[in-house]
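Enquirer: This structure is in structure tokens; I'll ask about it shortly.
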Amino acid sequence: MSAPIAGTGVIHGRFQPLHLGHLEYLLAGAERCHTLIVGITNPDPWSTADEATDPERGLPESNPCTFYERYLMVEGALTEAGIARERLRIVPFPHSFPERLAHYAPADARYLVTVYDDWGDAKLDRFHALGLRTEVMWRRTEQDKPISGGRVRRSIAAGEPWEHLVPPAVAKVVKECGIDERIRG
């Protein structure tokens, strides 16, 4: 891993649950900054709203993990991958209510995003409307997305193998917190 650029970067996701595609994204963000703030979107049902460009993201079945469980996933996956805890800040990130974001992450940070679809462009537009400094780390098609949280949840629900889709630290959290049973139930 190359030396991080000085400064603070903000990256965000639902991480329902965190999978290997998320880890690629998080590690790419960590390479670009000294301090990485990881915002967990849809931190609770009251901070979640319908999104026209991604209608399934707000559904209860698309959000089976609590903020705390996802905090454990993010921290575990990143430290397992070699990112020092002192470089990390993990915060709620109510992306559905952009006017609230300044209460959770610094406006002078660099907001790191990836774009796969209209939802990615919508998030980028929100950040620009707030006057935030952004960097698109990559722009890919939906077909280039190797893994999705939906795929992981469907595999768990069907009783199919899923552990190979997530970092080992995440598999541990899913099992220890009973998230796999919750999804199957």
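A short reminder: the numbers here are calculations on the coordinates, not readings from a lab. Because the structure is a prediction, the values reported are computed rather than measured. Ideal geometry is used to build each Cβ from the backbone, glycine not excepted, and the neighbour counts take in all protein chains shown.
Enquirer: Nearest 20 debye, what's the magnitude of the dipole of the range 8-184 about its Cα centre given +1 on Lys and Arg Cβ and -1 on Asp and Glu Cβ?
Expert: Roughly 320 debye, rounded to the nearest 20.
Enquirer: Pop the C-beta distance of Ala107 and Arg184 into the FRET formula with R0 = 45 Å and round what comes out to the nearest 0.05.
Expert: 0.60
Enquirer: For the range 8-184, what is the relative contact order in percent, using Cα pairs closer than 8 Å and at least 6 residues apart in sequence?
Expert: Details: 287 pairs, mean separation 51.1, N = 177.
Normalised by residue count, the contact order of the range 8-184 is 29 percent.
Enquirer: Mind checking which of Leu88, Ala157, Ala171 is farthest towards the positive end of the range 8-184's charge dipole, using Cβ charges of +1 (Lys, Arg) and -1 (Asp, Glu) about the Cα centre?
Expert: Ranked along the dipole, the leading option is Leu88.
Enquirer: Enter the mean projected area of the convex hull around the alpha-carbon atoms of the range 8-184, in nm², rounded to one decimal. All intermediate terms of the calculation are to be shown ahead of the outcome.
Expert: On the way: hull surface 37.1 nm².
Mean projected area of the Cα convex hull: 9.3 nm².
Enquirer: Next question. Going Cα to Cα from Lys123, which lysines come in below 30 Å? Please leave out same-chain ones fewer than 8 positions away.
Expert: Result set, ordered by chain and number: Lys145.
Enquirer: Let me ask something else about it. Apply the Karplus parameterisation 6.51 cos²θ - 1.76 cosθ + 1.60, with θ equal to phi minus 60°, to every residue of the range 9-14 and state each ³J(HN,Hα) to the nearest whole Hz, in sequence, with x for glycine and proline.
Expert: x, 10, 10, 8, x, 7
Enquirer: Give, as a single signed number, the net charge of other residues whose beta carbon lies under 9 Å from the beta carbon of Cys33, with Lys and Arg counted +1 and Asp and Glu -1.
Expert: Numbers: positive: Arg32, Arg87, Arg110; negative: Glu31.
Cβ neighbours under 9 Å give a net charge of +2.
Enquirer: Further question on the same structure: Give the long-range amide H neighbours of Arg133: residues separated by 5 or more places, or on another chain, with amide H under 5 Å away, using H modelled in the peptide plane at 1.01 Å from N.
Expert: Sorted by chain and number, the residues that satisfy this are Tyr111.
Enquirer: Cβ under 12 Å from Val170's Cβ, Val170 left aside: what net charge do those residues give with Lys, Arg +1 and Asp, Glu -1?
Expert: Working: positive: Arg70, Lys172, Lys175; negative: Glu69, Glu75, Glu80, Glu163, Glu176, Asp180.
Charge balance near Val170 sits at -3.
Enquirer: Under the rule of -39500 (n - 2.57) per DSSP H run of 4 or more residues, summed and divided by the residues of the chain, what mean residue ellipticity at 222 nm is obtained, to the nearest 500 deg cm²/dmol? Before the final figure, lay out each step's value.
Expert: On the way: 6 runs with 62 residues, N = 185.
My calculation for the chain gives -10000 deg cm²/dmol from helical runs alone.
Enquirer: I've got another one for you. Between beta-carbons, use under 12 Å as the cut-off and find the net charge around Arg70, counting Lys and Arg +1, Asp and Glu -1. Numbers along the way, then the final one.
Expert: Details: positive: Arg14; negative: Asp44, Glu69, Glu75.
Local net charge: -2.
Enquirer: With contacts defined as alpha carbon pairs under 8 Å and 6 or more residues apart, what's the relative contact order of the range 1-66 in percent? Mind dumping the intermediate values first?
Expert: Details: 78 pairs, mean separation 24.1, N = 66.
Rounded, it is 36 percent for the range 1-66.
Enquirer: Which ³J(HN,Hα) values in Hz, rounded to whole numbers, follow from the phi angles of the range 50-60 under the Karplus curve 6.51 cos²θ - 1.76 cosθ + 1.60, where θ = phi - 60° and Gly and Pro get x?
Expert: 5, 10, 4, 7, 8, x, 7, 5, x, 5, x
Enquirer: In addition: Mind checking the full-extension length gain between Ala49 and Arg154? Use 0.36 nm per residue of separation minus the Cα-Cα distance, one decimal, nm. Mind dumping the intermediate values first?
Expert: Working: separation 105, 0.36 × 105 = 37.80 nm, distance 2.26 nm.
Here the segment from Ala49 to Arg154 would lengthen by 35.5 nm.
Enquirer: Continuing with the same structure: Filter the trypsin sites (Lys or Arg not before Pro) in the range 98-185 to those in DSSP coil with at most 16 other Cβ atoms within 10 Å of their Cβ, and list the result.
Expert: On the way: sites: Arg100, Arg110, Lys123, Arg126, Arg133, Arg139, Arg140, Arg151, Arg153, Arg154, Lys172, Lys175, Arg182, Arg184; in loops: Arg140.
Here the trypsin sites (Lys or Arg not before Pro) that fit, given the DSSP loop and packing criteria, are Arg140.
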